[in-house]
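See below for the structure under consideration.
The values are calculated or read from the model by the stated rules, or taken from the named source; none is laboratory data. All values reported here derive from a predicted model rather than from experimental measurement. Methodologically, a virtual Cβ is constructed for each residue, glycine included, from the backbone with ideal geometry; neighbour enumeration extends over all protein chains shown. Calculation scope for accessible area: heavy atoms of the full protein, side chains included, ligands and nucleic acids excluded. Shrake-Rupley method; radii C 1.70, N 1.55, O 1.52, S 1.80 Å.
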Amino acid sequence: MSSIPAERTETSVEWGRRAAAGAESRMLIAGELVDAASGARFANASPATGAILGDTAAAGPEDMERAIASARSAFDTNDWSTNRALRKRCLNQLQAAIEDEKDALRTELVAEVGCPVMTTESAQLDWPLAESLRYPARLIDEFGWERVLEGGGLFGERNIRTVVKEAAGVVAAVTPSNFPIEVILNKLGPALAAGNTVVLKPDPHTPWNATRLGRLIVEKTDIPPGVVNVVTTPSNDVAGLLGTDPRVDLVSFTGSTAVGKLLMRQGADTMKRMFLELGGKSAAIVLDDANPAVIVPTAIGVCVHAGQACAATSRMLIHRSLYDQAVADITMAYQHVPVGDPVDPGTLVGPVISAAQKERVLSAIDGARRDGAEITVGGGPVEGLPAYLADGHFVAPTVITGVDNGAAIAQDEIFGPVLVLLPFDDDDDAVRLANDSAFGLAGAVMSRSAERGMSIARRIRTGSFGVNGGMFYGADAPFGGYKSSGVGRQCGIEGFQQYLETKTIARRERKRG
């Protein structure tokens, strides 16, 4: 049963106070909850009100050094990587501990992320909590850790060859602000189940959900000291040590393409393995035989959580025969999308994460306007909000037309409630436009013909794709992108294998006689 009230009885002001009262501000390093060695702290602000919620330990280089050393020692000196029963027990303990504090975590997420409370019933909290730890915990028993190869009779002798899967080592997990607990659990679960140790570095805009997990690990699980470290810092230089330290074996990063490319360059000198889930500019394709009733709901979906979703279909490609009516319908609908306090159960569009992000979104819209685009609705800050939200980071849901697919607004990831509408002439034209992007993360197609929709899906170069509303999300479903949308996959068997190394052992068996 949902713990979200049917009607709002509080505001983000009250939720922020409750979140701050229960927040954990310390880091987890070497099995201990600690402040920064320097005593430094940084502010955690509400995206909805602009007010400071509280503060969090601000790690310096010495703290990150200690965390990496702890993770390295825990991997090298105890049996975590080989003790599957211990790993399964600990993941189940962490699952139970999070469930016990689910309501407090929900309040915390809405307060520091600014996500509408309705989204916590899906990908923001309830969906990942249902399976992101349970699925990899099951794989501990079900995964094929070893296999024996047939043959091997070269040189007159018999070689018995065994392929063994082993933990990669020390994993640096770097997570974003938009869906923080979802991404953290989908990294932490498989990394730990596979036998790795982890240094988790959450986004500095949303540290408290990660530090809460650190406290639960210490208080409620048997996870050995050093196996999980949670290091909070606003410093890019301190975070960057994870990309250069030779004791880190693998970087698992979710965030912007620009930072992902930087991490790949930084990790090259020590040959780090990389999982990078990066940006997107995904296309929703409306074929000429699509049910017109599905067009507006799909368009409004881009606004959920103020458009802060890497897989959002922020380009809508519409067959020319449906285009004019679709523009009119979407424009009308966007005028009525519920924008406001994320605590309100009816709010679909809350704030973007920061003042800087609000400025980036508005700047991108202004750039499109200068390039000749038509802004049919929105295009600026939200007006008429209550006084307590006046300093929040709200952007009005925006529809842009009158540009071609090569325009910056149609090519760049905006990460705001901004939808670009583009016409196309036939299926080949739609596929060409969808693929004409540096990104390749997700996409969708709408058609009355499932066969036609599947044909389109197979031609689009993206890591995930929905046909007629199909939902690809799940702990068992690999997620990631082509091209500049990343390297590797998160979740599923493929995501589990991201955290494993492969070893082939050959034992010679001499012929008898």
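crowded, with 19+ Cβ neighbours inside 10 Å and under 29 Å from Ile353 (Cβ atoms), is that true of Ser447?
Judged against the criteria, Ser447 is not a match.
Working only within the stretch 337-379, note down all residues that are of a type in the set (S, T, N, Q) and more than 24 Å from Pro297 (Cα to Cα). Give the steps one after another, and end with the answer.
Step one: list which residues in the stretch 337-379 are of a type in the set (S, T, N, Q), which gives 347, 354, 357, 363, 376.
Correct list: Ser354, Gln357, Ser363.
State which residue pairs qualify: first residue among the small types (Gly, Ala, Ser) and inside the stretch 484-513, second residue open to solvent by 90 Å² or more (accessible area, probe 1.4 Å) and at pLDDT 95 or above in any location, beta carbons under 6 Å apart, and separation of 6 or more residues or different chains.
Gly492/Asp476
How do the pairs read when you match residues in the stretch 266-277 that are under 13 Å from Leu241 (Cα atoms) and not assigned by the TED database to the domain that holds Asn236 with residues anywhere that are part of a strand (DSSP E or B) and open to solvent by 50 Å² or more (accessible area, probe 1.4 Å), using Cβ under 8 Å and keeping only pairs 6 or more apart or on different chains?
Going by the 8 Å Cβ cut-off, there are no qualifying pairs.
Out of curiosity, is Leu216 of a type in the set (A, V, I, L, M), open to solvent by less than 20 Å² (accessible area, probe 1.4 Å) and closer than 15 Å to Thr175 by Cβ?
Taking the combined requirement at face value, the residue does not satisfy it.
Being open to solvent by 10 Å² or more (accessible area, probe 1.4 Å) and of a type in the set (Gly, Ala, Ser) is the filter here; which residues of the stretch 330-378 pass it?
Matches in the stretch 330-378: Ala333, Gly346, Ser354, Ala355, Ala356, Ser363, Ala364, Gly367, Gly372, Ala373, Gly378.
Limited to the stretch 25-37, what total is found for residues that are outside any strand (DSSP E or B) and within 18 Å of Ala69 (Cα to Cα)?
5
Yes or no, residue by residue, for (1) hydroxyl-bearing (Ser, Thr, Tyr); (2) part of a strand (DSSP E or B); (3) outside the structural domain of Arg26 (by the TED database); (4) under 16 Å from Glu65 (Cα atoms):
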site: Gly226; (1), (2), (3), (4): no, no, no, yes
site: Asn229; (1), (2), (3), (4): no, yes, no, yes
site: Gly240; (1), (2), (3), (4): no, no, no, yes
site: Gly243; (1), (2), (3), (4): no, no, no, yes
site: Val248; (1), (2), (3), (4): no, no, no, yes
site: Ala258; (1), (2), (3), (4): no, no, no, no
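Being under 20 Å from Pro351 (Cβ atoms) and under 24 Å from the mean Cα position of the chain (by Cα) is the requirement here; does Gly54 meet it? Steps first, please.
Values: under 20 Å from Pro351 (Cβ atoms): yes; under 24 Å from the mean Cα position of the chain (by Cα): no.
Answer is no for this residue.
Name the one entry in Val487, Val420 that is β-branched (Val, Ile, Thr) and buried (at least 20 other Cβ atoms within 10 Å of the Cβ).
Val420
Under 8 Å by Cβ, and 6 or more places apart or on different chains, what pairs join a residue from the stretch 230-247 that is open to solvent by 10 Å² or more (accessible area, probe 1.4 Å) with one that is among the β-branched types (Val, Ile, Thr) and in a helix (DSSP H, G or I)?
Correct list of pairs: Leu241/Ile68; Thr244/Thr270; Asp245/Ile68; Asp245/Thr270; Pro246/Thr270; Arg247/Ile68.
For the stretch 294-349, which residues satisfy the criterion of being small (Gly, Ala, Ser) and either over 18 Å from the mean Cα position of the chain (by Cα) or not in a loop (DSSP other than H, G, I, E, B) (or both)? Don't jump to the end; show me each part of the working.
Within the stretch 294-349, the first condition is being small (Gly, Ala, Ser), and the residues that meet it are 299, 301, 306-307, 309, 311-312, 314, 321, 326, 328, 333, 340, 346.
Correct list: Ala299, Gly301, Ala306, Gly307, Ser321, Ala326, Ala328, Ala333, Gly340, Gly346.
Which of the residues belonging to the stretch 433-452 are of a type outside the set (Ser, Thr, Tyr) and over 19 Å from Ala312 (Cα atoms)? Spell out the reasoning first.
Start the filter on the stretch 433-452 by keeping residues that are of a type outside the set (Ser, Thr, Tyr), which leaves 433-436, 438-446, 448, 450-452.
Matches in the stretch 433-452: Arg448, Ala450, Glu451, Arg452.
Report yes if Ser12 is at pLDDT 95 or above, surrounded by 22 or more Cβ atoms within 10 Å (Cβ to Cβ) and in contact with a Phe, Trp or Tyr (Cβ under 8 Å, 6 or more places away or on another chain), otherwise no. Walk me through how you get there before you give the answer.
Numbers: at pLDDT 95 or above: yes; surrounded by 22 or more Cβ atoms within 10 Å (Cβ to Cβ): yes; in contact with a Phe, Trp or Tyr (Cβ under 8 Å, 6 or more places away or on another chain): yes.
The answer is yes for Ser12.
Report, by residue number, each residue of the stretch 313-329 that is in contact (Cβ under 8 Å) with a residue 12 or more places away in the chain and open to solvent by 10 Å² or more (accessible area, probe 1.4 Å).
Within the stretch 313-329, Thr313, Ser314, His319, Arg320, Ser321, Leu322, Tyr323, Gln325, Val327, Asp329 qualify.
Mind telling me which of the residues Asp141, Asp79 ends up being in contact with a helix residue (DSSP H, G or I) (Cβ under 9 Å, 6 or more places away or on another chain), free of Cβ contacts under 8 Å to residues at least 12 places away in the same chain, open to solvent by 70 Å² or more (accessible area, probe 1.4 Å) and on the phi < 0 side of the Ramachandran plot?
Asp79
Could you check the stretch 339-393 and list, in sequence order, the residues that are closer than 25 Å to Thr11 by Cα and among the polar types (S, T, N, Q)?
Those that are closer than 25 Å to Thr11 by Cα and among the polar types (S, T, N, Q): Thr347, Ser354, Gln357.
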